[in-house]
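**Q** Pasting in a structure now, in structure tokens, and then I'll have a few things to ask.
Rule-based calculations on the coordinates, nothing more; no lab input. For clarity, every value in this text was computed on a predicted model and none was experimentally measured. All Cβ positions, glycine included, derive from the backbone under ideal geometry; neighbour counts span all protein chains shown.
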Amino acid sequence: MFRRTRRIALISAIAATAVILSACTGSPQPTATSTGKPDPDATLEVGLVLEPTNLDIRHTSGAALEQILVDNIYEGLVTRTQDNKIEPRLASDYKVSSDGLTYTFTLNDGVTFHNGTALTSADVVASYEAVRTDSTLQGNSDFAPVASITATDPKTVEIVLTQPNQNFLFSLTGPAGLVFQNGDTTDLKTAENGTGPFTLGRWNKGSTISFNRYDGYWGKAAGVATVEFQYIPDFTAGVNTALDGGVQVLTAVDPNLVSQFDGTDFTLTKGRTTDKATLAFNNKKAPLDDVRVREALRLAIDHEALVEAVGAGTTLYGPIPELDPGYEDLSDVVSYDPEKAKQLLKESGHEKLELTLTIPSFYGTTVPKVLISDFAKVGVTLDVKSVEFPAWLEDVYTNHDYDLSFVLHVEPRDFGNFANPDYYFGYDNADVQKLYEQALAEVDPDASAKLLAQAARIVSEDHAADWLYNGETITAVSPLVSGFPKDSINSRINLAGVTVASAK
């Protein structure tokens with residue numbers, strides 16, 4: 001996340017993910033197989049943590065909205081799989097010109113909005129022109145390189161860029177790429193008019209949101225008649241609800257509570273994410289403007305022990321996670337070496353160092369406790385300043401008034417933050433900026449990924465931050481449920497291919 005500077009977007013997306021860590025329709029692959037026969041009239045009951053404040057995904061950011069609305073209620077020309085690969089959705093096919101400037105999309109036949117109106121290319125053009133020209137719409141900055149959007153015929157849309165942008169097609173898999181009916185006056189805060197396999201049923205605010213299967217759907221019909229999302233912010237209550245039969249799927253299982261499922265019929269799955277648990281260094285503030293100090297702090301952290309303490313995640317030694325282009329295992333850059341950390345601190349004149357960690361209060365105490373202990377072993381005293389998120393946003397993100405900070409950076413393909421010297425990291429490296437610019441302009445995805453990998457290695461070798469771990473999600477799934485997604489479910493849960501078997 002943190003791709004834009006809009007404060008509301010930041011609040012929604014970070015907070016959402018923090019508690020959640022708690023002719024192709026792109027149906028997810030099964031993670032569990034039911035022995036019963038799927039019941040097309042069944043209701044799928046899913047336990048989630050963070051409830052949306054409203055349903056207007058055009059104007060409101062946050063994982064809580066994307067998680068349930070994208071692919072289920074609303075669709076774009078393209079979507080992405082659980083492992084972040086791009087695939088067609090409303091478009092039956094798409095082509096990109098050899099110079100990377102022209103994108104041509106052909107629409108699927110028979111697509112209708114939920115009010116019965118047929119989708120045409122004019123709807124796509126209107127939707128995307130609105131994003132391009134209206135700074136209040138989600139994805140406006142993603143359309144900065146767009147020169148024109150044209151309906152060449154009722155089934156074809158052509159988008160021309162001013163310059164190649166390797167991330168543009170991927171941006172269309174998010175809110176920026178969703179298609180809405182031209183001229184529709186639906187109040188999107190409380191209602192919808194999408195093209196997806198489900199329609200909005202009932203929203204009992206503070207409790208549940210339900211979806212109903214859309215019988216007029218253009219693709220394969222959804223496998224269940226109804227989906228009910230139950231919002232259970234308390235992790236223990238969520239587990240109890242699942243064990244009592246109140247939900248068939250519980251997302252965001254607290255790692256400390258997984259033993260509660262021992263001896264039950266539930267299957268626990270661990271899912272990959274692009275969540276980067278980032279220990280930010282204020283690169284422009286002494287003594288963190290000294291690379292020796294930054295390296296010493298990284299060497300002082302026992303990353304494997306920290307991951308074990310957190311309970312769900314994998315080690316990550318660079319700014320690009322495994323699911324993003326440019327990923328490389330950078331564990332060779334830094335290891336757990338307290339003695340070397342002490343040596344570097346001595347060389348830098350900071351044998352005894354006091355630093356403050358500013359952390360949003362909703363992240364809990366596990367990470368701070370580990371860091372306090374590890375840093376103390378090398379002579380660094382860490383004072384933890386737990387603040388409400390608006391205060392973090394004001395002090396750290398906006399005013400850059402901090403030493404160290406910790407947040408989960410959740411959005412995929414957000415490496416550009418390290419190519420932005422004005423970002424709150426305060427990291428300024430001309431080589432990284434040039435490589436990132438070249439990576440975006442590179443038409444060949446493989447060549448672009450190699451450039452990103454080069455840039456990411458420089459960032460890690462500069463110790464611009466520390467990446468404490470790559471987050472994982474834990475999901476409990478009933479044996480009656482098949483096809484529930486495993487990976488990336490903190491950003492979206494594609495339910496079209498999920499089925500529920502009869503308990504009989």
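**Q** Tell me, how many Å apart are the Cα centres for segment 365-414 and for segment 120-165?
**A** 38
**Q** Can you work out ³J(HN,Hα) from phi for every residue in segment 273-281, in order, using Karplus 6.51 cos²θ - 1.76 cosθ + 1.60 and θ = phi - 60°, giving whole Hz and x for Gly and Pro?
**A** 3J(HN,Hα) across segment 273-281, in whole Hz: 9, 9, 6, 10, 6, 9, 8, 7, 9.
**Q** Continuing with this model, one more query. Please state the charge dipole magnitude for segment 273-472, taken about the Cα centre, from unit charges on C-beta atoms (+1 on K and R, -1 on D and E), reported in debye and rounded to the nearest 20.
**A** Computed about the Cα centre, the dipole is about 520 debye.
**Q** Rounded to the nearest 5, what is the percent of antiparallel bridges among the DSSP beta bridges in the chain?
**A** Approximately 75 percent, going by the DSSP bridge assignments.
**Q** May I ask for the distance between the Cα centers of segment 443-467 and segment 216-249, given as a whole number of Å?
**A** 39
**Q** Stretch VAL384-ALA430 to full length: gain in nm at 0.36 nm per residue minus the Cα-Cα span?
**A** Gain on extension, VAL384 to ALA430, equals 13.3 nm.
**Q** Over all directions, average the projected area of the Cα convex hull of segment 287-340 and note it in nm².
**A** If you wrap the Cα atoms of segment 287-340 in a convex hull and average its projections, you get 4.6 nm².
**Q** How large is the helix-only mean residue ellipticity at 222 nm for the chain, computed as the sum of -39500 (n - 2.57) over DSSP H runs with n ≥ 4, divided by its residue count, in deg cm²/dmol to the nearest 500?
**A** After summing the helix terms and dividing by residue count, I get -7000 deg cm²/dmol.
**Q** Here's something else I'd like to know. Give a quick list of trypsin sites (Lys or Arg not before Pro) in segment 212-312 that DSSP marks as loop, anything other than H, G, I, E or B, with at most 16 other Cβ atoms within 10 Å.
**A** LYS220, LYS284, LYS285
**Q** Can you pull the one-decimal nm distance between simple spin-label points at THR53 and ASN240, each 7 Å off the Cα toward Cβ?
**A** 2.9
**Q** Lysine pairs, Cα distance under 18 Å, 8 or more residues apart or cross-chain: how many in segment 273-472?
**A** Pairs that pass both the separation and distance tests number 11.
**Q** Where the eigenvalues come from the Cα gyration tensor of segment 197-301, what are the semi-axes √(5λ) of the equivalent ellipsoid, largest first, in whole Å?
**A** Working from the Cα gyration tensor, I get semi-axes of 41, 21, 14 Å.
**Q** Now for a different question. With semi-axes √(5λ) of the Cα gyration tensor in Å defined as stated, name the option among (i) 34, 27, 26; (ii) 46, 34, 22; (iii) 39, 29, 19 computed from the structure displayed.
**A** Step by step, semi-axes √(5λ) of the Cα gyration tensor in Å for this structure corresponds to label (iii).
**Q** Mind checking which lysines have their Cα closer than 16 Å to the Cα of LYS270? Skip sequence neighbours fewer than 8 apart in that chain.
**A** LYS486
**Q** As a quick test, which of the pairs LYS155/LYS205; LYS189/LYS220; LYS85/LYS220 have an alpha carbon distance above 30 angstrom in this structure?
**A** In this structure, LYS155/LYS205 lie more than 30 Å apart at Cα.
**Q** Write down the Å³ per residue value for the convex hull defined by the alpha carbon atoms of segment 305-462.
**A** 129
**Q** Provide the percentage of antiparallel DSSP beta bridges, counting only those with both residues in segment 273-472; round to the nearest 5.
**A** The antiparallel fraction comes to roughly 55 percent.
**Q** Do any trypsin sites (Lys or Arg not before Pro) in segment 352-436 lie in a loop, going by DSSP, with at most 15 other beta-carbon atoms within 10 Å of their beta carbon, and if so which?
**A** Of the trypsin sites (Lys or Arg not before Pro), the ones in loops of segment 352-436 whose Cβ has at most 15 other Cβ atoms within 10 Å are LYS352, LYS377.
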